[in-house]
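The next block holds one structure in the form of structure tokens; read it before the comments.
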Amino acid sequence: MGKGERQEKIYNQALHHTEMDLDKIDINAEPPIEEPVRQYYFIAKCREWVEGFERKAGRCPSFFTQTFGCQMNARDSEKLEGILRAAGFKAADSEDADFVIFNTCTVRDNANQRVYGRLGELKGRKRRNPSMRIALCGCMMQEPSVIEKIRTSYPFVDLIFGTHNIYKFAELMYASLETEGMLIDIWEDTDRIVENLPTERKYPFKSGINIMFGCNNFCSYCIVPYVRGRERSREPEDIIREIKRLTADGVVEVMLLGQNVNSYGRNLKHPLTFAELLQEVEKIEGLQRIRFMTSHPKDLSDELIQVMRDSKKICRHLHLPLQSGSTRILEKMNRRYTREQYVELALKIRSEIPDIAITTDIIVGFPGETPEDLEETIDVVRTVKFDNAFTFIYSKRTGTPAAAMEDQVSEKQVREGFDKLLKVVQDTAREQAAKYVGSIGEALIEEVNGDDDGAQSCQSLVTGRLSNNMIVHVPGDASLIGKTVRVSLDECKGFYYMGTIL
Ligand code: SAH
Ligand code: SF4
Ligand code: F3S
């Protein structure tokens, strides 16, 4: 099949998605083997449990989800919430709920510590509400040492599962509701992708979409490949169908999610590049904006730059993690690009798409990093002029190659280097933002602004996001949420603008 023909097929095959009607499921029959039908069967079983709860307690059982970590985890939580709601649970606004689930992250140790802290607080709540169920899932649960710690220190947890069997949430929840004691189900890996389970959306007008799962890059500091497994791409037909369904439901902006979207599609039966996928997504009527995350510099193609440049819908924002500006450190990190290659790529993107915002991630204190290496990183920040950068202190992750490396950097050197880098990053970001003052942009209004800004405090403000991912506050009210408006950027407040709707 030729490329054009295949793309045509993808587009045409994107049929309307149908969730299963729970009332048609015979819950007294044996559970089906096939997915996702099997999970719908267990959602129906959970719903029967919920009805029993309501009869006894005289109220609906409530749930509370807490998400740690990245956008992929946030999207997974929406899937968990979709299932909880389909089963009849109602959302609570605090952890005083009947079913509490933490979707965890383990990318840095402070993410783990936060989970333990929150778990400690749950203990007292469960004492007050003994019928409360506590579930843990996500990346942290893929680590055997974590499971051991929870078993011994937090025995009041009811259900633990991992990243590979999250699609079985309904089945696991049902098993846990029906039994006493801790139920643990962790898989080492999976090659499965289960489609068409119910999901919730935090925002009615925008949504994340997984286009791939896992990671094959094994950057030497990073735990993600170990806890998320090998890279798997979703079929383009499934992605297009999901986005069409979302746009029919009012979504105008999508964020395509993957640990390395630039390697999308390589392992599909009929390989397709990420740039080709983007062109298909662009065709979807009603969709206004396309974002994606994250791009690995080593795989970012000229084809992608051209597609971005020529697109009307792809936002003017690229998140391109640098990690370090020292080639020596990049090599030890197994990033597979040099400082020169990164700078050349970033400058090429800036010259092809002049109004693009480039943001990045940087790690300070990787084993063996010297103050001279950090100077090289700072130099790249100045050369590329990042519009924003997330700076992280290196965190040793057991099981990764970097954890076994000698010369871990002293805390004092890390602190000093971090502060120095942060200052340059902030100065650069401010300078970049100031460039756009006085210009006009399009903003998608996302929410009512909670803390109004000083002098304007008696005026109601809403918060919008520009194509380049910058935030602008404009006078307006909740009726604007989900709408795209033309705004003038009147004043720059460092990392956001004050503007007016034109
Ligand atoms: N897949 C993405 C990022 C995933 S993790 C990518 O390749 O860019 C998000 C960020 O966390 C990374 O970009 C990195 O900067 C940071 N990070 C990952 N592991 C870390 C560690 N052990 N210590 C500190 N920061 C880390
Ligand atoms: Fe981690 Fe590297 Fe994969 Fe990103 S690309 S998730 S940093 S291993
Ligand atoms: Fe954390 Fe897992 Fe994302 S470790 S950053 S939640 S993939």
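The values are calculated or read from the model by the stated rules, or taken from the named source; none is laboratory data. Here the structure is a predicted model, which is why all the values come from computation and not from measurement. Every residue, glycine as well, gets a Cβ built from its backbone with ideal geometry; the counts of neighbours run over all protein chains shown. Note: areas computed on protein heavy atoms with side chains; ligands, DNA, RNA excluded. Shrake-Rupley method; radii C 1.70, N 1.55, O 1.52, S 1.80 Å.
Amide H to amide H, with H built 1.01 Å from N, His317 comes under 5 Å of Ala357, counting only residues 5 or more places away or on other chains.
Across region 198-211, rounded Karplus estimates of 3J(HN,Hα) from the backbone phi angles (6.51 cos²θ - 1.76 cosθ + 1.60, θ = phi - 60°) give x, 9, 9, 10, 5, 10, x, 9, 9, 8, x, 9, 6, 10 Hz, Gly and Pro being marked x.
Compute the acute angle (0 to 90°) between the alpha-carbon long axis of helix 3-13 and the principal axis of greatest extent of the alpha-carbon atoms of the chain; round to the nearest 10°. Tilt of helix 3-13: around 40 degrees.
Under 5 Å from the amide H of Ser62 lie the amide H atoms of Lys90, Asp98, Phe99, each residue being 5 or more positions distant or on a separate chain, with H modelled from the backbone and absent for Pro and chain starts. Loop-located GluC sites (Glu not before Pro) in region 168-199 (DSSP state not H, G, I, E or B) with no more than 16 neighbouring Cβ atoms inside 10 Å: Glu180, Glu188, Glu195. Helical runs assigned H by DSSP (4 residues or longer) give the chain a calculated mean residue ellipticity at 222 nm of -11500 deg cm²/dmol, each run adding -39500 (n - 2.57) before division by the residue total. Residues whose amide H falls under 5 Å from that of Val252, counting only those 5 or more places apart or on a different chain, are Lys206, with hydrogens built in the peptide plane. Loop-located chymotrypsin sites (Phe, Trp or Tyr not before Pro) in region 63-110 (DSSP state other than H, G, I, E, B) with a sparse environment of at most 15 neighbouring Cβ atoms within 10 Å are absent. Backbone phi angles across region 320-337, fed through the Karplus curve with coefficients 6.51, -1.76 and 1.60 (θ = phi - 60°), yield HN-Hα couplings of 10, x, 8, 6, 7, x, 9, 4, 4, 6, 4, 5, 5, 7, 6, 8, 6, 8 Hz in residue order; Gly and Pro are listed as x.
The spacing between region 40-74 and region 285-333, judged by their C-alpha centroids, is 37 Å. Taking label points 7 Å from Cα along the Cα-to-Cβ direction, Ala248 and Val437 give a separation of 4.8 nm.
Quarter the surface of the alpha carbon convex hull of the chain and you get the mean projected area, 25.6 square nanometres.
Any idea what angle helix 236-248 forms with the longest principal axis of the chain, computed on alpha-carbon atoms, 0 to 90 degrees, nearest 10? That helix lies at roughly 80 degrees to the long axis. Extension gain for Phe392 to Ala74 (0.36 nm times residue separation, less C-alpha to C-alpha distance): 112.5 nm.
Could you tell me how many degrees, from 0 to 90 and to the nearest 10, lie between the Cα long axis of helix 371-384 and the main elongation axis, the longest principal axis, of the Cα atoms of the chain? On a 0 to 90 degree scale, this one is about 80. Placing unit charges on the Cβ atoms only, positive for Lys and Arg and negative for Asp and Glu, gives region 345-502 a dipole magnitude near 300 debye about its Cα centre.
What's the extension gain from Lys90 to Leu268 if we count 0.36 nm per residue and subtract their Cα-Cα distance? Intermediate results must be reported in sequence, preceding the final value.
Details: separation 178, 0.36 × 178 = 64.08 nm, distance 3.85 nm.
Difference between extended and current length: 60.2 nm.
Remark: region 156-166, residue by residue, has Karplus-estimated 3J(HN,Hα) of 7, 6, 9, 9, 10, 9, x, 7, 7, 10, 4 Hz, where x stands for each Gly or Pro and the curve is 6.51 cos²θ - 1.76 cosθ + 1.60 at θ = phi - 60°. Using heavy atoms of the protein chains and a probe of 1.4 Å, the accessible area assigned to Asp189 is about 70 Å².
The chymotrypsin sites (Phe, Trp or Tyr not before Pro) of region 395-502 that DSSP puts in a loop, and whose beta carbon has at most 14 other beta carbons within 10 Å, are Phe495. Cross-link partners of Lys493 among aspartates and glutamates, defined as those whose alpha carbon lies under 16 angstrom from its own and excluding same-chain residues fewer than eight positions apart: Asp387, Asp427, Glu431, Asp451, Asp452, Asp453.
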